[in-house]
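Beneath this line is the structure, given in structure tokens, with notes to follow.
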Amino acid sequence: MTTQKQDFPILIIGAGIGGLATALALQQAGFAVQIFEQAKEIREFGSGLTLWANAVRVLQELGLDDLVQQLARQPAPTRAGFYTMRGKQLVQLPPQTVEEQCGGPTIAIHRAEFQAALLERLAPGTLVLNRKLIDFEQDAAGVTACFVQGERVRGSLLIGADGIHSQVRQLLFPQSQLRYAGYTAWRGIATDVTPQLMGELWGRGKRFGIVPLSEERIYWFATCNTPENAAERPEGRQKELLDLFKGWHPAASTLINATENSAILRNDIFDLQPLARWSKGRVTLLGDAAHAMTPNMGQGACQALEDALILARTLRHAHSLENALDVYQQKRLARANMVIVNSHRMGLVAQWEHPLACWLRDSLLALTPPQMLLKQFKRVASYTWESSC
Ligand SMILES: Cc1cc2nc3c(=O)[nH]c(=O)nc-3n(C[C@H](O)[C@H](O)[C@H](O)COP(=O)(O)OP(=O)(O)OC[C@H]3O[C@@H](n4cnc5c(N)ncnc54)[C@H](O)[C@@H]3O)c2cc1C
């Protein structure tokens, strides 16, 4: 398909990483595209993102080499790997080992800067803000998106890139279900601090992760087993975290203290029970809407980027729209579902609470060669899509 054959633009719902990357990939393939985002502005998110080699390859395909080059030169602290809560190293995982195993660098990026980099590469007028999709109707000739603001927009195809609580998914597959993973995650970016170590500190039912973004900016995340929808403590997130991570390696409290309380994000962690289908007629899903996963493998956005590139290439080479959506689903669904399952399993072990189980886990971790440990990550991150496009 080419732009000339399109009667209407392709409609993308949601301007997250998935929606923006899809718009860019589709425009590069010659399609007319419009993104509709419910928010009134693309807000700054106070968090970072790890992009594994599979996502870096997508960025290179999308012509974002400059961004990758710039970020691949992040400072690497001398100590990298997995640690006990007090900072005793269990496994050493230098970035070079990860790069060798995964066939390319893993980069860390500020979310807002990444979204801005994608947005600035889109054709002017692509993004329409303040449009919340509530429904759609489709027929043989096209699809109509209906927004809460009262507007109706006609498109040739509708892509639901509207995140974990996707309305498009709800309309397509009302029986789909999110499941609570059993823990809450906090995220922040500490400024004016020098990284002492990078990687994850593992305790009982809690973890603390450290990812340098630049010389003086460090992205960190923390998890703790909690009941679903547990109320937040009134004294604020920073104080709550300082209490939760008291007695841990000082890097944890240093980073929490170096982050403004109001900039700390907090989410209960959910994933999506793997779906059997993503598409119906002229409507399909992409990113978290299709395959929301726990963050344990750092692959949610990476998988959304793969979706974006493969969907655009499939559409470019397809004879018909319906056929293209079937092929996209065939190429992507099993792989993304596999990552949901592996990520969920990884989280179960990482969030163990029982002292004996944790001791056993840490002892095994300390005996495992880094290559073995990276096996699951390598399987996902060393993937190349040439064969499937
Ligand atoms: C704690 C944590 C850490 C993570 N770390 C990593 C990591 O290191 N690496 C990684 O690859 N992934 C990571 N992820 C996962 C990653 O954040 C997501 O997979 C990714 O952001 C999904 O992008 P998306 O575009 O599909 O959805 P989103 O980013 O959620 O974007 C969806 C967009 O749709 C809009 N929207 C929603 N409903 C509507 C509607 N009805 N109408 C119009 N617009 C709508 C929303 O406002 C939003 O802008 C992490 C996730 C968490 C929770």
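The values are calculated or read from the model by the stated rules, or taken from the named source; none is laboratory data. Owing to the predicted nature of the structure, the values given are computational and were not obtained by experimental measurement. For neighbour counting, all protein chains shown are included, and Cβ atoms are generated from backbone atoms with ideal geometry for every residue, glycine included.
Output the residues belonging to segment 349-369 that are within 27 Å of the chain's Cα centre (by Cα) and either loosely packed, with under 14 Cβ neighbours inside 10 Å or at pLDDT below 95 (or both). The answer is 353, 365. The residues listed here are 296, 323; of these, the one that is in contact (Cβ under 8 Å) with a residue 12 or more places away in the chain and assigned to a helix (DSSP H, G or I) is 296.
I'm told residue 41 meets every condition in (1) in a helix (DSSP H, G or I); (2) within 16 Å of the ligand (Cβ to nearest atom) except one. Can you identify the failing condition by its number? Among (1) in a helix (DSSP H, G or I); (2) within 16 Å of the ligand (Cβ to nearest atom), residue 41 violates only (1).
Taken over segment 44-64, residues that are closer than 10 Å to residue 104 by Cβ, among the hydrophobic types (A, V, I, L, M, F, W, C) and part of a helix (DSSP H, G or I) amount to 3.
Is it true that residue 316 is more than 10 Å from the ligand (Cβ to nearest atom) and within 19 Å of the chain's Cα centre (by Cα)? Taking the combined requirement at face value, the residue does not satisfy it. When residues in segment 101-150 are screened for being within 12 Å of the ligand (Cβ to nearest atom), surrounded by 15 or more Cβ atoms within 10 Å (Cβ to Cβ), among the hydrophobic types (A, V, I, L, M, F, W, C) and not in a strand (DSSP E or B), 4 of them pass.
Total residues in segment 166-184 satisfying the condition of being out of contact with any Lys or Arg (no Cβ under 9 Å at 6 or more places or on another chain) and either in contact (Cβ under 8 Å) with a residue 12 or more places away in the chain or surrounded by 18 or more Cβ atoms within 10 Å (Cβ to Cβ) (or both): the figure is 10. For segment 319-337, the candidate set comprises residues that are within 16 Å of the ligand (Cβ to nearest atom) and buried (at least 22 other Cβ atoms within 10 Å of the Cβ); within that set, the residue that is nearest to residue 225 (Cα to Cα) is 336. Note on segment 294-310: residues that are more than 13 Å from the ligand (Cβ to nearest atom) and among the small types (Gly, Ala, Ser) amount to 0.
Residue 187 - would you say it is within 13 Å of the ligand (Cβ to nearest atom) and buried (at least 20 other Cβ atoms within 10 Å of the Cβ)? Please lay out each step first, then the result.
Working: within 13 Å of the ligand (Cβ to nearest atom): yes; buried (at least 20 other Cβ atoms within 10 Å of the Cβ): yes.
Yes: the conditions hold for residue 187.
When segment 272-293 is limited to residues that are near the ligand (Cβ under 7 Å from one of its atoms) and assigned to a helix (DSSP H, G or I), the one that is surrounded by the fewest Cβ atoms within 10 Å (Cβ to Cβ) turns out to be 288.
Among the residues of segment 154-165, those identified as surrounded by 22 or more Cβ atoms within 10 Å (Cβ to Cβ) and in a strand (DSSP E or B) are 155, 157, 158, 159, 160.
Pairing each residue of segment 79-96 that is in a strand (DSSP E or B) with any residue that is β-branched (Val, Ile, Thr), provided the two are 6+ apart or on different chains, yields C-beta distances under 7 Å for 81/91; 82/91; 90/84; 91/368.
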